[in-house]
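As structure tokens, the structure follows; a few thoughts come after it.
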Amino acid sequence: MATSTELQFPGSGDLISQIRFESDEGKIWLNEQRMLMIHASVMGQLRKELIDTLGVQRAKGFLMRFGYHSGWKDAELVKKVRPDLSRQEAFYVGPQLHGIKGMVKVKPVELDFDVDSGKFHGIFDWIDSYESEVHIKEFGVSEEPICWTLIGYASGYTTYYMGQKIIFKELQCSGMGASHCRIEGRRAEEWDDHAELERYLLPDPIAEELFALRHELSELRENFGSSEHEEDLLLNSVGRSGAFRNVCNLIRRASTSRVTVLLQGETGVGKEVVARGLHESSNRSDKPFVAVNCACIPPELIEAELFGVEKGAYTGATQSREGKFERANHGTIFLDEVVELSPRAQAALLRVLQESEFERVGDTRTRRIDVRVVAAANEDLESAVKEGKFRADLFYRLNVYPVHIPPLRDRTEDIPLLINHFLGKYHNLYNKRTLGVSDMALSALMSYKWPGNIRELENMIERGVILTDNNHTIDMDSFFPSLSEPSHPLNVINMRGELNRAPATETATNPPAETPAQLLKEGFSLEQLEHQLIREAMEQSGGNISAAARLLGMTRPQLAYRLKKIEE
Ligand SMILES: [Zn+2]
């Protein structure tokens, strides 16, 4: 067992270097977490309000959990900043951060623990607790220990660190008139009154109950398609931005008639989701919705696929079968990548649109059909007409009601909504619950350009959920495990030089990121990397040198000099 004479914190430079002031941006960072600087006295006022409105016991529980979450978040940092130090020095991250944050000065008295066997015993002295100070100011000397946020922090931090419930108690407290506080931490079950202590620390059972109810409610709403849900979920798609609402209005208007709709937009913007929404809000919603991606079917088969085939029409057609149009009869057919249709299929589609009739391949019988057509194309359809690859008459027929779906980068205000939507989806799918996205990762996702649009965002969230343990925050490493894509935001933010990242370590939470050694092996040149970064920063800032310099953590003259060198 270590005694007080040999217990000493290592230097705190590694922790302090995690703190970054982005004063121009109105942000303070601790590694990837956005932090706040608040007045201790204001915390005191909040405490008073809580006690006055909730009563002492509830306020105590609230503040303990507040501290608990903060300790938990800080413990996530340990493996990032002290992967190579001894277990004891790594553990000191928590107590040292307590001091760095100005909450209390911590002195270790006894510390004896073993992560593998789960053994833990620790005694610390707390000198000048901010919490005692503000409590005494509002309420005078107390009859019981009152450093609730601090004790919650110690418990939350150590519980995360040890991977099992550790509870700290104050043996004495300066809030009761002692010269300083002294705390002791043990495994929860080693405290006689652990049930009572844990009740304070565990999430409020009422909150859990509310959460479960809310979950139930949202499932009910999804099943019944309640209109209250419309705020966030329009026609099956998520969005609140003006650009997106505009699309929804157009679709809603189209849904009341049989008009042919042409959806235009980049790959991944969610055209099929919108088409399905159109179908479901139309009076055909109880009839089939059939989606066909024309690019996935070989041109020589597409006519048979869409319009069916009659026995003996060609070698191998041993049986008559109906096509997608017949299957969609009275409903809606969605033709994605319509530009890929063969000339014969284009002619047949035009006939369906004009006369509502068609023939199966190899058949002479004309069949009548009632199908609403929703076609989709990238922005390339008009140029395909100009190049003679797509029939002009068919284009005009499809283009009677064009709807442009904006790319994700033009509706960034929907990104947080979409993230929540996909988190919900993949939490359910993988039966997990992460703590969501780290503040830093969110700001990276917000500034990313999303060439793959919503589909890319969805894939990224799925990846983040898979790679992150329950009750952990999804950080940037989980979203962007490969550093080899120069365009992804991690590179940009990482190389700003402002975020001091520890060398990647292999843990269950974080997959091994590409190490510098790997980058070198791949023949990565520092010069190339620098040029790439500068170009990216210039692009992101629209050619504004000062703004690009800020992104890169350089002064304007420094960047101007480097730009000149690149040009030479
Ligand atoms: Zn105290």
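The values are calculated or read from the model by the stated rules, or taken from the named source; none is laboratory data. Worth saying up front: this structure is predicted, and the values here are computed from it rather than measured. Here the Cβ positions follow ideal geometry from the backbone for every residue, glycine too, while neighbour counts run over all protein chains shown.
Contact list please: Cβ distance under 6 Å, first residue in segment 163-175 and of a type in the set (Ser, Thr, Tyr), second residue more than 6 Å from the ligand (Cβ to nearest atom), pairs at least six apart or on different chains.
Filtered contacts from segment 163-175: 174/180.
For segment 419-457, give me each residue that is of a type in the set (A, V, I, L, M) and either exposed (fewer than 14 other Cβ atoms within 10 Å of the Cβ) or part of a helix (DSSP H, G or I) (or both).
Scanning segment 419-457 gives 419, 423, 429, 440, 441, 442, 444, 445, 446, 454, 457.
From 438, 447, grab the single residue that is of a type in the set (Ser, Thr, Tyr), in contact (Cβ under 8 Å) with a residue 40 or more places away in the chain and in contact with a Pro (Cβ under 9 Å, 6 or more places away or on another chain).
Exactly one of 438, 447 is of a type in the set (Ser, Thr, Tyr), in contact (Cβ under 8 Å) with a residue 40 or more places away in the chain and in contact with a Pro (Cβ under 9 Å, 6 or more places away or on another chain), namely 447.
Within segment 403-418, how many residues are touching a strand residue (DSSP E or B) at 6+ places or on another chain (Cβ under 8 Å) and assigned to a helix (DSSP H, G or I)?
Looking only at that region, the number is 3.
Residue check: is residue 306 touching a strand residue (DSSP E or B) at 6+ places or on another chain (Cβ under 8 Å), surrounded by 18 or more Cβ atoms within 10 Å (Cβ to Cβ), part of a helix (DSSP H, G or I) and free of Cβ contacts under 8 Å to residues at least 60 places away in the same chain?
Criteria met by residue 306.
Do any strands (runs of 3 or more DSSP E) entirely within segment 105-193 hold 1 or more residues that are within 11 Å of the ligand (Cβ to nearest atom), and if so, which?
By residue number, 119-127, 166-172, 181-187.
Does at least one position in segment 370-382 carry a residue that is assigned by TED's automatic domain parsing to the domain that holds residue 262, surrounded by 18 or more Cβ atoms within 10 Å (Cβ to Cβ) and either part of a helix (DSSP H, G or I) or free of Cβ contacts under 8 Å to residues at least 40 places away in the same chain (or both)?
yes
If I ask for residues that are part of a helix (DSSP H, G or I) and either in contact with a Pro (Cβ under 9 Å, 6 or more places away or on another chain) or small (Gly, Ala, Ser) (or both), which ones from segment 313-334 would you list?
Answer for segment 313-334, where residues must be part of a helix (DSSP H, G or I) and either in contact with a Pro (Cβ under 9 Å, 6 or more places away or on another chain) or small (Gly, Ala, Ser) (or both): just 327.
Within the group 99, 140, which residue is assigned by TED's automatic domain parsing to the domain that holds residue 180, touching a residue at least 12 places away in the same chain (Cβ under 8 Å) and of a type outside the set (Ser, Thr, Tyr)?
Residue meeting the stated conditions: 99.
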